[in-house]
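Worksheet for the structure shown next.
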Amino acid sequence: MPDQPPSLRRPHTVTFDCWSTLIYEVPSPGTPAVRARIIADRVGVTEDDARAAMRVAWDRHQILWHRRVAFTGVDMTRLALETLGKALEPAEERDLIDVLEREVLDHEVRAIAGAREALGVLAQAGVRRALICDTGFSPGSIVRKLLDRVGLLELLEVCIFSDEVRAPKPEPKVFEAALRALDVAPRGAVHVGTCDAATWPARKGPVWVRFACAPTTTTPALPRVGQPA
């Protein structure tokens, strides 16, 4: 394991989680049922059956996440259809996947209070910035649109998404991909995330990652440049 830097009061690079760290979705009644309703309408099943099939797919997603295996929205849609005993023509399936992936664009997504300011301060200080995001039904291509909508995408130099690199956090390769894209060394880089479990295994690999507590909608302050993360 690489030696721990003697001080991270001035990191050269900060990577961030996405949801609940930089952006969050405003809760709305009925939102969780929208994708189930879409599937039910498309394949002719009840909403209850569609919800049950989606729970099966999401449970598989979570199990594989703990095994550091990416299970994308495409994979979840196909498993939900399989669970329902429904098969679609390739074009119909692709259209359903596209609708499910884009569904989040109809939601109200906001930047965490202070996120823009924190990224701006880091940029002005010459600190490199990257996003490392695990994806569910919404792929990286869609999450980029959400980040752009709230004015954060332009402040991130690199965005790494689990569906694009075929690995989720805490797999070290996602951290390596971000640092490689920025052409920086692991020593002196920190990761800001929502839970220590997202980062500790990376310490065992070639990437040294320090966990820093991320903000929430009620605790918006991010670590400031010049302060320990």
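Taking region 102-121 as the range and being crowded, with 21+ Cβ neighbours inside 10 Å and assigned to a loop (DSSP other than H, G, I, E, B) as the test, only Ile112 passes.
Restricting attention to region 18-38, and to residues there that are assigned to a loop (DSSP other than H, G, I, E, B) and within 17 Å of the chain's Cα centre (by Cα), which single residue is surrounded by the fewest Cβ atoms within 10 Å (Cβ to Cβ)? If you could, list the steps in order and put the result at the bottom.
Going residue by residue through region 18-38, those that are assigned to a loop (DSSP other than H, G, I, E, B) are 18, 20-22, 26-30.
After this cut, where a residue has to be within 17 Å of the chain's Cα centre (by Cα) as well, the list is 18, 20-22, 26.
Values: Cys18: 23, Ser20: 16, Thr21: 24, Leu22: 26, Val26: 10.
Here the residue is Val26.
Between Glu176, Glu164, Glu157, the distinction of being at pLDDT below 95 and of a type in the set (Asp, Glu) belongs to Glu176 only. Meeting the requirement of 2 or more residues that are farther than 12 Å from Cys18 by Cβ, the strands (runs of 3 or more DSSP E) wholly within region 122-196 are 128-133, 189-193.
Among the residues of region 39-53, write down those that are assigned to a helix (DSSP H, G or I) and of a type in the set (Val, Ile, Thr).
First, the residues of region 39-53 that are assigned to a helix (DSSP H, G or I): 39-43, 47-53.
Selection gives Ile39, Val43.
Being assigned to a loop (DSSP other than H, G, I, E, B), free of Cβ contacts under 8 Å to residues at least 40 places away in the same chain and closer than 17 Å to Phe137 by Cβ is the filter here, so list the residues in region 61-75 that pass it.
The first filter runs over region 61-75 and keeps only residues assigned to a loop (DSSP other than H, G, I, E, B), leaving 67-72.
Of the ones still in play, those that are also free of Cβ contacts under 8 Å to residues at least 40 places away in the same chain are 67, 71.
Correct list: Phe71 only.
One line per residue, one yes/no per condition, for (1) surrounded by 14 or more Cβ atoms within 10 Å (Cβ to Cβ); (2) without any contact (Cβ under 8 Å) to a residue 40 or more places away in the chain; (3) more than 19 Å from Thr194 (Cα to Cα):
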position	(1), (2), (3)
Val56	yes, yes, yes
Asp59	no, yes, yes
Ala91	no, yes, yes
Leu96	yes, no, yes
Ala123	yes, yes, yes
Gly151	no, no, yes
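The values are calculated or read from the model by the stated rules, or taken from the named source; none is laboratory data. Everything numeric here is computed off the predicted structure, so don't read it as measured data. Cβ sites come from the backbone with ideal geometry, for glycine too, and all protein chains shown count toward neighbours.
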